[in-house]
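Single-structure report; data block below.
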Protein chains: 2
Amino acid sequence: MDKKEKQNEKCNSPVYVHNPHLDALKDDILYHFSLGTGSHNLPAMFGDVKFVCVGGSPWRMKSFTEFIAAELAMEDPKSGYPNICAGTDRYAMYKVGPVLSVSHGMGIPSIAIMLHELIKLLHHAHCTDVTIIRIGTSGGIGLEPGTVVVTKQSVDATFLPKFEQVILGKTVVRSTDLDQSLAQELLQCSKGLNQFETVIGNTMCTLDFYEGVYSNVLMCHRLKATFYVIHC
Amino acid sequence: MDKKEKQNEKCNSPVYVHNPHLDALKDDILYHFSLGTGSHNLPAMFGDVKFVCVGGSPWRMKSFTEFIAAELAMEDPKSGYPNICAGTDRYAMYKVGPVLSVSHGMGIPSIAIMLHELIKLLHHAHCTDVTIIRIGTSGGIGLEPGTVVVTKQSVDATFLPKFEQVILGKTVVRSTDLDQSLAQELLQCSKGLNQFETVIGNTMCTLDFYEGVYSNVLMCHRLKATFYVIHC
């Protein structure tokens with residue numbers, strides 16, 4: 001396969017869910033989005049999505065939508081950017097052009113529920129070549145406040161690059177490596193802008209904000225008041 | 001100590017946080033509530049709280065407040081039960097008389113952040129003799145749908161009654177036994193009402209709704225369509 005074919009393949013890569021039972025469902029209810037294949041025309045609503053940006057707070061994800069609409073010159077003075085998930089209070093979702101913006105609450109279980117339903121939504125909507133980016137704030141070690149960290153790998157509370165889950169009674173260990181070429185692309189974009197310091201690094205993700213993240217970071221004895229580093 | 005003295009002791013039991021540094025803080029900012037000791041008179045706002053009922057959804061916790069206001073004959077036609085945490089979108093909080101109602105989002109990390117700040121709030125407000133109850137829905141095994149389960153113990157994804165956290169680099173294991181006398185009291189209240197089936201049981205709590213809870217319950221081969229059992 002030559003370079004052009006590889007490029008074409010990438011551009012037509014569908015969001016595919018490895019679940020043979022999914023297409024047999026008469027109505028797949030994405031409960032925490034208040035959406036479903038029986039009640040909504042998901043291809044019409046979401047078929048053009050190419051980027052999904054997710055973050056904890058619903059208010060921030062609405063602000064992000066307003067920001068990205070201006071960046072893409074796709075502002076609509078008549079649109080208040082309605083919450084697509086207005087039928088529920090679990091998550092909020094906004095869309096402008098090819099960019100979907102979704103809140104995920106706080107913590108791994110909350111984002112896991114959202115990602116399950118989001119990936120099924122993108123599959124049902126026949127989306128292709130989708131990039132998903134999480135945007136959020138965190139503390140940082142050895143970095144100036146305001147630095148943007150593009151995460152290459154996330155580590156757990158013991159500094160190991162793994163995510164463990166108990167599925168059907170067995171512990172399943174998953175890799176936490178992220179897309180290295182996307183990370184490099186984001187780094188280059190930031191260099192082009194030259195507006196803020198951007199680095200590639202790791203992000204610690206624990207099961208508690210206070211006793212998990214802070215206590216483990218304090219343990220390093222290297223905390224240098226570098227809060228509100230932006231991770232993506 | 002006789003029975004009366006024991007009763008008095010219970011009725012004056014303060015909410016005490018075992019952190020010697022807490023009272024030295026000039027301003028303790030309860031960030032995810034958008035409240036703080038420097039910005040709010042917490043004893044005036046919350047000093048009379050005796051019951052805190054928590055649940056995932058903000059909308060449900062508002063409905064619960066409206067319900068409990070009617071039950072306590074403390075309805076105020078002029079009050080729309082304003083969200084005390086309106087300055088943030090992380091949690092929602094409502095109060096009617098001695099009952100505080102707080103949302104906690106989905107998952108252990110989300111409820112952990114809320115409980116950290118809630119317990120500090122009750123401490124700063126000089127609350128005494130407070131009972132905290134979580135109300136929520138879940139699947140159930142071997143129970144009729146609609147059954148209320150008063151949890152005596154929660155179990156993790158491997159069916160063990162423990163909660164593990166990594167704090168300062170070490171794994172800390174905590175008990176998940178709940179207040180047995182409160183469980184009995186709630187069971188007796190329900191028997192007095194005689195409106196729905198109520199049992200005392202265990203609740204499984206995992207780190208993911210889809211791959212955690214459902215897969216582990218399915219493993220039991222005993223699922224009997226008993227969804228929407230209410231746990232408290």
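Every read-out reported here was derived from the displayed coordinates using simple, explicitly stated rules and does not represent laboratory data. Nothing here was measured: the structure is a model prediction, and the numbers come from that model. Cβ coordinates were reconstructed from backbone atoms using ideal geometry, including for glycine residues, and neighbour counts include every protein chain displayed.
Label-to-label distances for residue B:146 across copies, nearest first, come out at 6.1 nm, using points 7 Å from Cα in the beta-carbon direction.
Altogether, the Stokes-Einstein calculation at 10 °C and 1.306 mPa s, with the Kirkwood radius of the range B:25-136 over Cα pairs as Rh, returns a diffusion coefficient of 113 µm²/s.
Along the positive direction of the dipole of the range A:21-120 (beta-carbon charges: Lys, Arg +1; Asp, Glu -1; about the Cα centre), which of A:68, A:91, A:105 reaches farthest? Projecting each Cα onto the dipole axis, the largest value belongs to A:105. For residue A:75, the label point sits 7 Å beyond Cα toward Cβ; its separations from the matching points on the remaining copies run 4.6 nm, from shortest to longest.
Model label points for residue A:29 and residue A:129, set 7 angstrom from Cα along the Cα-to-Cβ axis, are 3.7 nm apart. Look at the alpha carbon pairs under 8 Å that are at least 6 residues apart: their mean separation over the length of chain A gives a relative contact order of 23 percent.
Coupling constants for the range B:51-65 follow from the phi torsions by the Karplus curve (6.51 cos²θ - 1.76 cosθ + 1.60, θ = phi - 60°), and in residue order they are 10, 10, 10, 10, x, x, 8, x, 4, 5, 6, 5, 4, 4, 4 Hz; glycine and proline get x. With the label put 7 angstrom out from Cα along the Cα-to-Cβ vector, residue A:21 ends up 4.9 nm from the copy partners, going from closest to farthest. Between residue B:66 and residue B:187, the contour length at 0.36 nm per residue exceeds the alpha carbon distance by 41.2 nm. Is the shape of the range A:89-187 rounded, prolate or oblate, going by the alpha carbon gyration tensor and its root eigenvalues a ≥ b ≥ c, with a/c under 1.5 for rounded and a/b larger than b/c for prolate? It comes out oblate by the Cα gyration axes. Per residue of A:200-210, other chain Cβ atoms within 10 Å of the residue Cβ number 4 on average. Residues whose amide H falls under 5 Å from that of residue A:200, counting only those 5 or more places apart or on a different chain, are A:150, with hydrogens built in the peptide plane. For the range B:99-133 versus the range A:127-165, the spacing of their alpha-carbon centroids is 28 Å. Using the structure shown, list the pairs from B:50/B:152; B:26/B:50; A:78/B:62; A:26/A:152; B:26/B:62 with a Cα-Cα distance above 28 Å, or answer none. Where the Cα-Cα span goes over 28 Å, the pairs concerned are A:78/B:62; A:26/A:152; B:26/B:62.
Between residue B:159 and residue A:199, take the C-beta separation as r, use R0 = 41 Å, and let me know the FRET efficiency to the nearest 0.05. Efficiency for this residue pair is about 0.45. By DSSP, the beta bridges lying fully in chain B are antiparallel in about 50 percent of cases. Amide H contacts under 5 Å for residue B:30: B:35, B:36, B:37, restricted to partners 5 or more places along the chain or on a different chain, H placed in the peptide plane at 1.01 Å from N. Each Cα pair of the protein assembly as shown feeds into the Kirkwood radius, which the Stokes-Einstein equation turns, at 10 °C and 1.306 mPa s, into a diffusion coefficient of 65 µm²/s. With θ taken as phi - 60° and the Karplus curve 6.51 cos²θ - 1.76 cosθ + 1.60 applied, the whole-hertz 3J(HN,Hα) list for the range B:94-111 is 10, 9, 9, x, x, 10, 9, 10, 10, 7, 10, x, 10, x, 4, x, 5, 5 Hz, x standing for glycine and proline.
Residues with beta-carbon under 13 Å from that of residue B:84, excluding residue B:84: net charge, scoring Lys, Arg +1 and Asp, Glu -1? Net local charge, residue B:84 excluded: +2.
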